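What follows is a set of notes on a single structure, which appears directly below.
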Amino acid sequence: MRQTILFDLDDTLIHCNKYFNVVIQQFVDTMLTWFAGHRLTDEDIKHKQLEIDLAGVEIHGFKAERFPQSFIETYHFYSDFYDRTPRKEEEKWLYQLGNSVYEHSIEPYPMMDTTLQSLTDQGHELYLYTGGDATIQMRKIQEAGLHRYFGERIFVALHKTREFMETLIHTQQFERARTWMIGNSVRTDVLPAIEAGINAIHIPAQLEWKYNIVDITATPKGAFFTLPSLTEVPQVISDYSGKQAVSL
């Protein structure tokens, strides 16, 4: 039975968080050098940067400038705390460092192409639903060659919420019982899907961002699976949709 399948992009189809972790560690190392002698620790810096970054997501969503700005604000926080005069050249360098996370080449998850091709061959209709800056996300989509699976069925949102999910369902006229959301984020992929009454597959990321980790507070009305990898998705959907067809 033909299904409508929405995929998340970052840390579902391609790697993402590991690049952020590398840049954050570079930021921490820089801060420890600049603030040497002030008893500032690795964990102090990471905790404050995360706190500021998460607050920025709540206000600005996944705007690209939010991440480098969290470096600047963390730098200002500790400059004030330790009475160290901020320097414009240091601020500029930190902003450039934060922006560098968006410049890396994409790295697909194992079996990404095989999984998407298998679902396409099974006759399902694939959509890409990702969060972030549209220019950055479309560059990654192009580099990964994903248009051959998704065509123009690509949606980029600054805020991936239940409300945006409902808008997609209504504007695209999805049949909820035959619609799936697949992603790594419980907050932005799984929970909005369950709340909207569509099927969901959670594929936990190898390295997860704290923002994505929340409790599932809704009761699934359709299918809900947690899988270890993309490779299991085609068989799980095939088995479930087959049972749907038999029950009709």
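Numbers at a glance
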{"item": "Relative packing of peptides 87-96, 192-201, 231-240, 205-214 - highest average C-beta neighbours within 10 Å first", "result": "192-201, 231-240, 205-214, 87-96"}
{"item": "Full-extension gain in nm, Leu97 to His38, via 0.36 nm per residue minus C-alpha separation", "result": "19.0 nm"}
{"item": "Cβ-defined net charge surrounding Leu146, 14 Å radius [Lys, Arg +1; Asp, Glu -1]", "result": "-2"}
{"item": "Radius ratio Rg over Rh of segment 153-211, counting only Cα atoms, Kirkwood formula for Rh", "result": "0.96"}
{"item": "Segment Lys88-His104, length gained on full extension (0.36 nm per residue, minus Cα span)", "result": "3.2 nm"}
{"item": "Semi-axis lengths, Å, segment 129-248, gyration tensor of Cα atoms, sqrt of 5 times eigenvalues", "result": "22, 18, 16"}
{"item": "log₁₀ of I(q)/I(0) at q = 0.09 Å⁻¹ - the chain, Debye sum with one point per alpha carbon", "result": "-0.44"}
{"item": "By average C-beta atoms within 10 angstrom, highest first, the peptides 100-108, 159-167, 183-191", "result": "183-191, 159-167, 100-108"}
{"item": "Count, lysine Cα pairs under 21 Å in segment 17-102, 8 or more residues apart or across chains", "result": "9"}
{"item": "Rough spin-label spacing in nm, given labels placed 7 Å along Cα→Cβ, for Ile136 and Ala177", "result": "4.1"}
{"item": "Length-normalised contact order of segment 17-102 in % [C-alpha pairs under 8 Å, at least 6 apart]", "result": "33"}
{"item": "Two-site label geometry, Thr114 and Glu232: point separation in nm, points 7 Å out along Cα→Cβ", "result": "1.6"}
{"item": "Positive-end residue, segment 20-162 charge dipole about Cα centroid, Cβ charges, pick of Gln142, Ser118, Ile154", "result": "Ile154"}
{"item": "Residue-averaged [θ]222 nm for the chain, counting only DSSP H segments that reach four residues, each worth -39500 (n - 2.57)", "result": "-15000 deg cm²/dmol"}
{"item": "Distribution of pairwise C-alpha distances over segment 17-102, 10 Å bins, in %", "result": "18, 56, 25, 2"}
{"item": "For segment 182-248, alpha-carbon Rg over 2.2 N^0.38 Å", "result": "1.16"}
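Only the coordinates and a few stated rules stand behind these numbers; no lab work does. Worth saying up front: this structure is predicted, and the values here are computed from it rather than measured. Here Cβ is always computed from backbone atoms with ideal geometry, including for glycine, and neighbour counts include all displayed protein chains.
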